[in-house]
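Just below is one structure, and these are the notes that go with it.
The values are calculated or read from the model by the stated rules, or taken from the named source; none is laboratory data. Remember, it's a predicted structure, so these values are computed and weren't measured experimentally. Reconstructed Cβ throughout: ideal geometry from the backbone, glycine too, with neighbour counts over all protein chains shown. The accessibility values were calculated without ligands, DNA or RNA, using every heavy atom of the protein model including side chains. Shrake-Rupley method; radii C 1.70, N 1.55, O 1.52, S 1.80 Å.
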Amino acid sequence: MGEVVQMHFTTVDYVIFALLLVASAGIGLFYAFSGGRQRTTQEFLMADRSMSCLPVSLSLLATFQSAVAILGAPSEVYTFGTQYWFLGCSYFLGLLIPAHVFIPVFYRLRLSSAYEYLELRFNKTVRICGTVTFIFQMVIYMGVVLYAPALALNAVTGFDLWGAVLAMGLVCTVYTALGGLKAVIWTDVFQTVVMFAGQLAVIVVGASQAGGIGEVWRKAINGSRISGLDLNPDPLERHTFWTLGVGGVFLMLALYGVNQAQVQRYLSSRTEKEAVMSCYVVFPCQQIVLSLGCLMGLVMFARYGEDSPLDKGYVKTNDQMVLYFVMDVFRDLPGLPGLFVACLFSGALSTISSAFNSLATVTMEDLIKPYFPNMTEAKATLLSKGLALAYGLVCLAMAYLASIMGSVLQAAFSIFGMVGGPLLGLFCLGMFFPWANSIGAVVGLASGLAMAFWIGIGSFVMRMSVATPVPPLNTTALPLFDNMTTTVMTTLASATTAKPRPTGVEALYSLSYMWYSAHNSATVVVVGLIVSFLTGPMKEKELTPGTVYPVLGTLLFFLPERYREKLCCVTPLSQKPKEISTQPYQMAKKDSNGAAHCKDDTVTEDKETESARAQTEEEDLEARIVRPSCQLTAHTVQETAL
């Protein structure tokens, strides 16, 4: 085994990398000193609900495409072949369901935080449980996503480790804290372009050096790297069509359906139609990104064959292999390694800035505003900026912890993946099952998290014990897919040899990581429903209108209405989509003292109707003061039909 080979950056590479950071910071500063200058929480946290479809969709893509995916996908395809590409099949339902189920419900309720929904549907306790779970998930993940690419870069190129971490962390913190969501979205757009450029440059140059795309394909076929459709239904198999195409749908839903970082982008759109369109636009973009990752893996195989840099000892882990390949391909082309590193760090920057902004939003909306309802707008905005700054510093502290955790780095990724599924289950429980109550929601979430940690930690310990006698030859220290919901994967070379099928608890620990999200969210729903029925299910009249998606009413259309009423599944979304832009919404809120009050919010985006909206609000409030039954669960949320 040779020593880890280090290649070095030229001055041009450093300049290109620096330009990325300067441009990102510049976009943030531009939005800090232009427009409304981030003077309101609505502008700072929600981009004034003024974003159009294209920047939102590119931002959704950038948040999803982290440095982890850029490093992980090619090394996965290089090692195991193109089976991973079938993950693209899950994107279809994984984006269609959020577009037509989650977005209409969230958008029509005019939320700022996704967890605000949980209070409207259940109660404040459930909302706080959801918020705290999300904060725990994101804080753990932020440091790792900042530190991991810097570590890989340092190992392969000698690029100063803490210089890279601090540069990224501070630039990201500055433009997020100053420019708000608008700056985050537009820097994401810029960073997406850089990511595409970096990956394309590697593929074009690498393929031409290997003798063209035809030669790359021929070598991949000869090396058995082009995978067919594997229809093996075994959920213990790591990657099959079912684990990737079906299990992947739940991963996508956890990310694109209910994750605050993505929900906030939908809610920043000018209209509901543009929010839905952003889901449709991101679909082909994701397919392109996935294909680029797979193609880069095949180009790597065409260059190295079975004789990988990992086997030769040039690098220590799979996630360093892509960087080694890039430096190898571009060794005579100064500037291009810098472009790829800019591409890599664009992925990290977009992920971290989304995390800062979404964390500041949920902390402000869920943990501070409910207890300080009279806080002035100026003070709330200043506090939001302070929160974004504070989370930036927490991220740097987490990166330092990640550096001293060593192998526990994998556990940090596992913890992140474990939390996505239960949160998805909690939202599904509220949105699709009208009789679920708040006790069921809390117990269901706790059960889902307990199940997630049991399986996650159990499988981690089992893999470590298997790995002890024979050192692993191929260890993927980073998840191969996404930046929000997957778990750690450690693959041993010995896994290819025949071994008895695990039974009992071992079978549960051997479950493919792609099924984790589905399994954990199903646990939340099943336990939540059982507990709800035991403690008294909710009735139709107790539900806040607009918080339940009428999927059961649609599925049971053949039953007479009186039976459907008894089953509590006739809640319609009553208005037509074209009325969205003009109808006011009355949304139920709770003060810190538990008293209910009504907040009127219109969906019209036209600035000229501001005074009309205020007048409507005043008249509506007067009408409600004389109505004695203004209680939280009876408030009317005027909704719109799908």
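Observations on the structure shown:
- Residue satisfying all of: in region 207-245; without any contact (Cβ under 8 Å) to a residue 24 or more places away in the chain and among the β-branched types (Val, Ile, Thr); nearest to residue 517 (Cα to Cα) among these: 221
- Pairs linking a residue in region 83-111 that is under 12 Å from residue 251 (Cβ atoms) to a residue that is of a type outside the set (D, E, K, R) and not in a helix (DSSP H, G or I), with Cβ atoms under 8 Å and 6 or more positions apart or on different chains, are 87/481.
- All of (1) touching a Lys or Arg at 6+ places or on another chain (Cβ under 6 Å); (2) free of Cβ contacts under 8 Å to residues at least 24 places away in the same chain hold for residue 379 with one exception: (1).
- Test: residue in region 88-100 that is among the β-branched types (Val, Ile, Thr) and in contact with a Phe, Trp or Tyr (Cβ under 8 Å, 6 or more places away or on another chain): no
- Among residues of region 537-559 that are farther than 17 Å from residue 102 by Cα, those with a beta-carbon under 8 Å from a residue that is β-branched (Val, Ile, Thr) and not in a loop (DSSP other than H, G, I, E, B) at least six positions away or on a different chain give the pairs 541/633; 542/633; 543/633.
- Filter result for residue 78 (open to solvent by 40 Å² or more (accessible area, probe 1.4 Å) and among the aromatic types (Phe, Trp, Tyr)): no
- Residue identified as open to solvent by less than 10 Å² (accessible area, probe 1.4 Å) and either without any contact (Cβ under 8 Å) to a residue 12 or more places away in the chain or not in a helix (DSSP H, G or I) (or both) among 422, 434: 434
- Sole exception among (1) crowded, with 21+ Cβ neighbours inside 10 Å; (2) small (Gly, Ala, Ser); (3) at pLDDT 80 or above for residue 450, by number: (1)
- Counted residues, region 317-338 - those being surrounded by 24 or more Cβ atoms within 10 Å (Cβ to Cβ) and more than 17 Å from residue 145 (Cα to Cα): 6
- Matching residues in region 28-70 - criterion: being on the phi < 0 side of the Ramachandran plot, in a helix (DSSP H, G or I), open to solvent by 40 Å² or more (accessible area, probe 1.4 Å) and not hydroxyl-bearing (Ser, Thr, Tyr): 29, 30, 42, 54
- Condition met for residue 394 (aliphatic (A, V, I, L, M), open to solvent by 50 Å² or more (accessible area, probe 1.4 Å) and within 22 Å of the chain's Cα centre (by Cα)): yes
- A single member of 203, 213 is open to solvent by 60 Å² or more (accessible area, probe 1.4 Å), over 30 Å from residue 43 (Cα atoms) and of a type in the set (Val, Ile, Thr), and it is 213.
- The criterion of being farther than 30 Å from residue 199 by Cα, touching a Gly at 6+ places or on another chain (Cβ under 7 Å) and part of a helix (DSSP H, G or I) does not hold for residue 106.
- Failed criterion for residue 363 (all others in (1) at pLDDT below 90; (2) within 28 Å of residue 544 (Cα to Cα) hold): (1)
- With respect to being more than 30 Å from residue 330 (Cα to Cα), part of a helix (DSSP H, G or I), open to solvent by 10 Å² or more (accessible area, probe 1.4 Å) and out of contact with any helix residue (DSSP H, G or I) (no Cβ under 9 Å at 6 or more places or on another chain), residue 368 falls outside the description.
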